[in-house]
Amino acid sequence: MSVSLNPTDLKFGTADGKLWTRRLYGQEAQAAYFVDHGEGFTMYAGTLTARFTPPRSRTELELPIQKAWIKARHLSPSVACRQTKHDGHYWFEYQVPTAAEARTWAEETIFWHEEPKTLLQTDLMLEDKWWKCSDGLYIVQLHFVPSAETPGDWHIAYLAPHNSIDGRSLMKLLEHILTWTLEELKTPSAGTPELEWGCEPIRLAPTLILAARLPLDQTPEPKAAPAPPPGFIPFLPAVVDADNTSAGEANNVNALLSLTPEETARYRQVCRARGVTVTDLMLALLALAEIESTLQVALKSDNGELTAKNIGAYEQASHFLFGFYFINHRHKLPGDYVTLEDGALLFGCEGTSLLFDMATMRKAIQFDKETGKIQRTTTDEVLWDGIIKMSNSVAKSTPSDWTAVFQREVDRQFALDEGLHDDTAFHMRVPMMSSIGDYHTMDILDPFVPETGALAKELAVLGQYHTIRVTHPLIVPICWQYAGRINFSWSSGRKWLSQENMDLYAGIFKEWLDVCIGELQV
């Protein structure tokens with residue numbers, strides 16, 4: 001028997017025309033819970049590196065950026081929401097501002113940093129910052145950090161709970177901000193931007209299931225999580241404190257791999273030739289890197305518990321577990337929510353877990369316990385006809401239709417409402433994976449692509465980095481393509497993973513990638 005959801009709870013409403021509120025539901029509410037109960041777990045930082053020609057100082061940029069940020073609020077007012085919690089639920093609150101109040105909001109949410117940092121240092125610094133979703137603070141901050149790689153460049157970043165933004169929406173909004181900034185630099189305007197405040201709440205986005213026009217009067221009953229396969233034993237390496245943290249060190253540990261344009265073209269050509277997606281191959285490579293690096297860490301460790309558990313995980317596991325696999329749904333939404341001007345959702349994804357057969361994985365990575373030797377098998381039969389074909393099949397069979405999304409959202413909300421969420425559910429060493437996509441295909445940041453963008457001679461976006469704050473032993477890989485280059489980032493909690501072992505993981509990933517893409521030439 002189905003139950004009904006009240007649509008007025010899931011879209012913004014107002015009693016006085018000034019204060020607009022909406023309840024968080026499903027994935028977005030669960031993510032708020034993660035932040036509040038996990039010391040900021042899933043706070044999201046998305047950073048790009050900008051090069052102005054000629055170089056621009058903070059003094060030159062401050063006022064144009066502030067004006068552009070105010071325009072961004074008018075275009076996408078969700079960035080100026082606060083999150084609160086009352087009556088047992090999380091809520092978004094948006095207050096229609098006066099021009100002076102909009103300027104005050106911009107001053108409170110733009111942060112300028114003095115010390116130059118690299119892109120990865122900027123990410124680590126941002127992921128040390130977090131606040132509770134129940135604290136009633138503005139949900140999005142904009143940060144500007146001088147580049148340590150090239151004096152004059154700027155790292156420009158969003159920081160927010162992940163339930164408020166994702167890697168697509170935030171970069172599209174930054175495209176607008178950078179465009180407006182250039183316009184203001186060319187032709188300075190007087191005073192605060194003259195905007196019609198009060199008309200923008202129409203662009204406050206509803207929750208995902210309402211935007212998808214799902215039948216709320218036929219809301220499915222909550223279901224228990226499906227039973228695992230018979231004999232299910234997940235591949236779970238040891239969770240042991242890395243003992244490599246000290247006062248002043250960052251919470252996260254990270255890594256970045258940027259393929260060359262030639263490697264990117266080869267990667268895509270191989271995938272097309274084999275009938276798989278970029279993500280299918282990435283999932284296979286991630287599993288291979290995780291398994292092999294786990295064994296290598298075990299072999300070099302003098303921690304007996306870690307060695308025994310890691311080798312045991314390899315020998316005994318029935319399945320390799322992706323703890324969470326983000327699925328983007330924004331492109332499937334009705335036309336009402338396609339663009340920011342239409343009130344596009346700033347967070348348009350949810351997801352589920354994935355399982356790979358471990359016996360298939362062991363065929364590629366063989367381990368002799370007696371000699372302590374690891375041997376790779378790289379034949380087509382094992383890699384392409386086995387592991388990567390399996391990855392493609394598992395991803396394809398993962399339900400992503402609206403019926404499945406509706407059920408998962410109901411189940412998440414039920415677990416929160418009933419206090420059933422297990423706070424330790426993510427306290428394990430498994431991947432939590434996201435594939436953002438190709439920014440060119442999504443028509444994001446195209447004007448600023450170096451050498452080819454229409455505005456690149458004035459402002460070029462050189463690269464990006466995406467990650468979340470990780471307060472569990474999870475490893476979080478994220479993939480995106482920009483300016484003809486596929487990029488992979490990894491983050492984890494420094495408490496459980498050293499930089500040395502993170503680099504080991506990323507290096508093994510690249511070695512397996514080279515094996516897979518080396519067979520065809522462009």
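Any read-out appearing in this document is the output of simple, stated calculations on the displayed coordinates, not a laboratory observation. Quick caveat: nothing in here was measured; it's all calculated off a predicted structure. Here the Cβ is made from the backbone with ideal geometry for all residues, glycine too, and neighbour counts use every protein chain on show.
General observations
- Kirkwood Rh, Cα atoms: Rg over Rh of region 151-194: 1.06
- Computed from the C-beta positions of Leu420 and Asn6, the FRET efficiency with R₀ = 30 Å rounds to 0.85.
- Glu500 versus Glu183: modelled label distance in nm, points set 7 Å from Cα along the beta carbon direction: 5.4 nm
- Separation between Cα centres of region 192-248 and region 87-101, rounded to whole Å: 21 Å
- Prolate/oblate/rounded label for region 375-474 (Cα gyration tensor, a/c 1.5): oblate
- Under the simplified labelling scheme, the Leu63-Glu114 pair shows an inter-label distance of 2.3 nm, with each label point 7 Å from Cα along Cα→Cβ.
- Local charge for Glu292 was computed over the other residues whose Cβ lies under 10 Å away, with Lys and Arg +1 and Asp and Glu -1, and equals -1.
- Pairwise centroid distance, computed over Cα atoms, of region 419-445 with region 340-399, Å: 15 Å
- Counted charge near His466, where neighbours are those whose Cβ lies closer than 13 Å (Asp, Glu -1; Lys, Arg +1): -1
- Solvent-free Debye scattering, log10 I(q)/I(0), computed from the Cα coordinates of region 142-216 at q = 0.17, 0.18, 0.28 Å⁻¹: -0.99, -1.06, -1.29
- Per residue Cα convex hull volume in Å³ - calculated over the chain: 153 Å³
- Taking region 12-35 and a reference point 7 angstrom along Cα→Cβ of Glu196, the backbone N atoms nearer than 18 Å belong to 17-18.
- Applying the Kirkwood pairwise sum to the alpha-carbon positions of region 300-433 produces a hydrodynamic radius of 18.3 angstrom.
- Straightening the chain between Glu39 and Asp514 buys 167.3 nm, computed as 0.36 nm per residue apart minus the Cα-Cα spacing.
- Pairwise FRET efficiency - His89 versus Glu249, Cβ, R0 = 35 Å, nearest 0.05: 0.45
- Per-residue ellipticity at 222 nm from helix content only, as computed over the chain with -39500 (n - 2.57) for each DSSP H run of at least four residues, stands at -10500 deg cm²/dmol.
- Charged neighbours of Trp402, selected by a Cβ distance under 14 Å, balance to +1 (K, R count +1; D, E count -1).
- Sorted from greatest to least, the principal axis extents spanned by the alpha carbons of region 66-129 come out as 40, 33, 17 Å.
- Principal semi-axes of the equivalent ellipsoid, √(5λ) from the alpha carbon gyration tensor of region 343-417, are 37, 16, 11 Å from largest down.
- In range of the label at Phe232: residues from region 397-411 whose backbone nitrogen is under 16 Å from the point 7 Å along Cα→Cβ: 398-399, 408
- Region 14-37 residues near the modelled Met428 label - backbone nitrogen below 19 Å, point 7 Å along Cα→Cβ: 34
- Alpha-carbon centroid distance for the pair region 156-190 / region 35-66, whole angstrom: 9 Å
- Whole-number Å³ per residue for the convex hull built on Cα positions in region 80-201: 136 Å³
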